[in-house]
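One structure is given below, encoded as structure tokens.
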Amino acid sequence: MSRPQRRSILARLEEAQEEERRRIAADLHDDSIQVITAADLRLAALDRMLEDPALKREVAEIHQTLQLAVDRLRKLLFELLPPAFDREGLSTALETYVAHREPAIEFSVKDELEGEPPEEIRRTLFRMGQEAINNALKHAGATRLDVVLSPQDGGTSLLVADDGRGFDVEGLGRPAPGHIGLPTMLERASLGGGWCHIDSTPGGGTTVQVWLPASPVASGEQPR
Ligand SMILES: Nc1ncnc2c1ncn2[C@@H]1O[C@H](COP(=O)(O)OP(=O)(O)OP(=O)(O)O)[C@@H](O)[C@H]1O
Ligand SMILES: [Mg+2]
């Protein structure tokens, strides 16, 4: 498959995914969250009618469970909705993501880019950065996270490094069923005409570096 064809497939894939995410986010917001909130309001009304302290305690616990459900759905909304790149730019979007996802972690986002990459590249880099950051927060037990965006070989490089427990990258050839984060990153990078290197040793932290060409129509190529 030629490079322009691969890029065109990637662009359509990303667009379809973003569209799907927006739709799910809208449903979560307009449906699930509203339904739970309505139930919580009825619960508050019920609470006002109750006098028995044991029943009131029970109602308070149900209220807490409903609040927890709404909090989780709001977090999911945040994961699903793409940031406003036009307003924020890629590095701010990644910074906001880390700060929101794990306020306690020590992190830096270094932006050495001279300008913003095109929309399609930004979207792909953001979703890949999101996965690498999520992995560092979920699996690494890291205390520090460093993100660097830099120009490289006429394209854009994104590096995400953590100081956590690391893992054996040999296992990447045999991904566990249902764990698709890293395989998807490798595939996305290759579809985009770039690469993704994962460098990790048990006990020695993990570094994920992604490189994508600067523009989907670089060197006069036009996606078909
Ligand atoms: N930064 C990291 N630090 C330590 N271990 C990691 C890191 N990133 C990945 N891993 C290990 O590699 C495995 C595969 O990662 P991958 O992102 O493919 O799957 P996942 O995060 O488990 O699930 P998914 O991404 O599909 O939600 C993880 O389960 C974890 O054991
Ligand atoms: Mg993952």
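If you go through the range 97-112 and keep only what is touching a Ser or Thr at 6+ places or on another chain (Cβ under 9 Å) and either surrounded by fewer than 17 Cβ atoms within 10 Å (Cβ to Cβ) or more than 26 Å from residue 143 (Cα to Cα) (or both), you end up with 105, 106, 110, 111, 112. In the range 133-147, the residues that are without any contact (Cβ under 8 Å) to a residue 40 or more places away in the chain form Cβ pairs under 9 Å with partners that are loosely packed, with under 15 Cβ neighbours inside 10 Å and of a type in the set (Asp, Glu), at six or more places apart or across chains, as follows: 143/106; 144/106.
When the residues of the range 106-146 are filtered to those that are closer than 23 Å to residue 75 by Cα and of a type in the set (Lys, Arg), the one that is farthest from ligand 2 (Cβ to nearest atom) is 122.
Of all residues in the range 136-174, those being surrounded by 22 or more Cβ atoms within 10 Å (Cβ to Cβ) and either among the aromatic types (Phe, Trp, Tyr) or in a helix (DSSP H, G or I) (or both) number 1. Candidates 41, 94, 55: the one that is exposed (fewer than 13 other Cβ atoms within 10 Å of the Cβ) and either closer than 20 Å to residue 146 by Cα or at pLDDT 95 or above (or both) is 41.
Quick check, is residue 123 within 16 Å of ligand 1 (Cβ to nearest atom), assigned to a helix (DSSP H, G or I) and at pLDDT below 95?
No; evaluated as a whole, the condition is false for this residue.
Within the range 109-120, the set of residues being at pLDDT 95 or above and acidic (Asp, Glu) comprises 111, 112.
The values are calculated or read from the model by the stated rules, or taken from the named source; none is laboratory data. Bear in mind that the values here come from a model prediction, so they are computed numbers and not experimental data. For neighbour counting, all protein chains shown are included, and Cβ atoms are generated from backbone atoms with ideal geometry for every residue, glycine included.
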